[in-house]
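Below you'll find the structure, written out as C-alpha cells, and then a few comments.
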Amino acid sequence: MEMPLILLLTAALIATQVYWHRRLARQEACSRGEGDALRQRLGETETRARAEQHALLNSMVDGVLWLDAKGCIRLANDACAGLLGLGGEFAGRPLIEAVRSHELASLVERLAREPVVRGFELKLPGAEERWIAVNAAALRDGDEESGGLILVFHDLTRLKQLERTRQEFVANVSHELRTPLSLIQGFAESLLGGAKDDPALNEKFLRIIDRNAQRLALLTEDLLTISELEAGRSQLKIEPVDLRSLVGEVFEEFQPQAAAKQVELESDLAPVVVSADRGRLHQVLSNLIDNGIKYGRVGGVVRVGADSAAADELEVRVADDGPGLPPEALNRVFERFYRVDKARSREEGGTGLGLSIVKHIVQAHGGRVWVESAPGRGATFKFLLPRAPMPAGGPG
Ligand code: ADP
C-alpha cells in the first residue's frame, strides 16, 4: 500500500478512536442520571471499536506510532515495536527515551514546524543496522489543539541490502573484466608496436592474448548463467535423470584435465534416478568435479557418491583429498567472486562464480548445498536432490 495512504488511514483510525473516547466522555456527562444502561452500551461499542482498531493496526506490515502532544508514546503497533526495538511497557514513555536516535528526535522537532513530512530516511544503529522510511504528520483535533503526531515506518533494510549487493556485484564484475581486457590491450599494442616481427615474442604475446580472451569468454558465460538463474528465466526442465551415467559423462569430459594432474576420478554410485534438469545438473557436477581437480592435490582422487537423505531425497557428494578449506571459508565459498586464494583461482582459470552457480541451480531444484572440510583433510561438497518417483509397482 502507498505510504501516504497508510498515513491517512492510520490518522483516520486514530481520529475515530479519539472521537469515540470524546463521545463517551460527553455522553457520560450528559447522561449522568439517565441510567446505567446507556452508559454501558456506549462503553461496549467503544471497547469493540478499540479491539477492531487494534487488530487492524497489528495486522499491518508497516509500523505505526502515535505520540501525544508531549512526545510520549500513546500507541505503537507490533510492527513498530519490532522495528524500533521497543520492549517492556513503552506506553506513556517519551519517545526520545524509548528510542535513542538523534534522527528520529530531529524528525519529531521538524513536525512542530511542518504539518507533514514524507519519505524521511532513518538509519537505526544496532547489531543489525536497519533502514526505515518514515512518513509522518502532525494531528490536529477539532479544536485545533495538537492531537500529537502520527508516524508510519516502512522497513527498507532488505531493499538497501539488495542495492548494496548489486553495487558490489557491478564493482566486482568491472574489476574481473578489467584485468584480462588490459592484458589483451597491452600485448596487442606491443605486437603492433613491433613485437610482431620478433618470432619468439610474437608467439608468446599471442598466447597471452588468447588465454585472456578465453577467460573473458568464460566470465561472460558464467555471468549470463547467473543472470538467467536469478531472473528465473531459465525454467527447469525436470525429468528423470540417471545420475550414475551422467557422472560417467562428466568424468569423460574432465579426463584430460584430471590426467594432466594425475588425478583419479572415481564413482561409487549405485544406479539411481533423480528428478532434475539434466543440463543444469550436468553443470553442477562439472563445476564441483572441475574444482576437485583444480584445488585438489596432484596425484589425488576426486570421488562422487550418494546416500539416501530421506525416502524421496538423495544426498550427492563430490569429495577430494586436497588441502581443503579453512573454517571461515565454508559459508562464504558460495558467494559470488569469493575465493580463498585469488591468485590460485586466476591461475587455474577460475571466474569465482562456479559455486554460486551450483548453489542457484541446487536451490532451483528445491535442494541445498554445503561443504564439509578441514585444512589438509580435503573438501566434500554435498547437495540434496529430489529422487524421481518410483514407477508404479515399485522397483521391480
Ligand atoms: P573459482 O572460479 O575461483 O574456482 P568457485 O566459485 O568455483 O570459483 O570457487 C570459489 C572458491 O572456493 C575457489 O576460488 C577456491 O578458493 C574455493 N574452492 C572451491 N572448491 C574447492 C575445493 N574442492 N578445495 C578447496 N578449495 C575450493
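The values are calculated or read from the model by the stated rules, or taken from the named source; none is laboratory data. No experiment lies behind these values; they were computed from the predicted model shown. Cβ sites come from the backbone with ideal geometry, for glycine too, and all protein chains shown count toward neighbours.
Only one of the numbered conditions (1) assigned by TED's automatic domain parsing to the domain that holds Ala388; (2) more than 17 Å from Val316 (Cα to Cα) is not met by Glu228, and that is (1). Among residues that are without any contact (Cβ under 8 Å) to a residue 60 or more places away in the chain, under 16 Å from Ala15 (Cβ atoms), in the same structural domain as Asp68 (by TED's automatic domain parsing) and not in a loop (DSSP other than H, G, I, E, B), Ala138 is included.
Would you confirm, using the coordinates I've provided, whether Gln255 is more than 16 Å from the ligand (Cβ to nearest atom) and closer than 22 Å to Gly349 by Cβ? The answer is yes for Gln255. On inspection, Val316 qualifies as more than 12 Å from the ligand (Cβ to nearest atom) and among the β-branched types (Val, Ile, Thr). Does Gly378 qualify as being buried (at least 20 other Cβ atoms within 10 Å of the Cβ), at pLDDT below 90 and closer than 26 Å to Leu265 by Cβ? No: the conditions fail for Gly378.
Report yes if Leu330 is touching a residue at least 24 places away in the same chain (Cβ under 8 Å) and in contact with a Ser or Thr (Cβ under 7 Å, 6 or more places away or on another chain), otherwise no. For Leu330, the condition - touching a residue at least 24 places away in the same chain (Cβ under 8 Å) and in contact with a Ser or Thr (Cβ under 7 Å, 6 or more places away or on another chain) - is met.
Restricting attention to the range 339-352, which residues are crowded, with 16+ Cβ neighbours inside 10 Å and more than 6 Å from the ligand (Cβ to nearest atom)? Listed by number, the list holds a single entry, Arg346. Here the condition is being in the same structural domain as Arg140 (by TED's automatic domain parsing) and either modelled with pLDDT under 85 or assigned to a helix (DSSP H, G or I) (or both); of Ala105, Ala91, Ala69, Ala112, it holds for Ala105 alone. Of all residue pairs spaced 6 or more apart or on separate chains, those with beta-carbon atoms under 8 Å, a first member in the range 158-180 that is more than 20 Å from Gly349 (Cα to Cα) and a second member that is hydrophobic (A, V, I, L, M, F, W, C) are Leu159/Trp131; Lys160/Trp131. Inside the range 227-238, residues that are in a helix (DSSP H, G or I) and in contact with a helix residue (DSSP H, G or I) (Cβ under 6 Å, 6 or more places away or on another chain) make up a count of 1.
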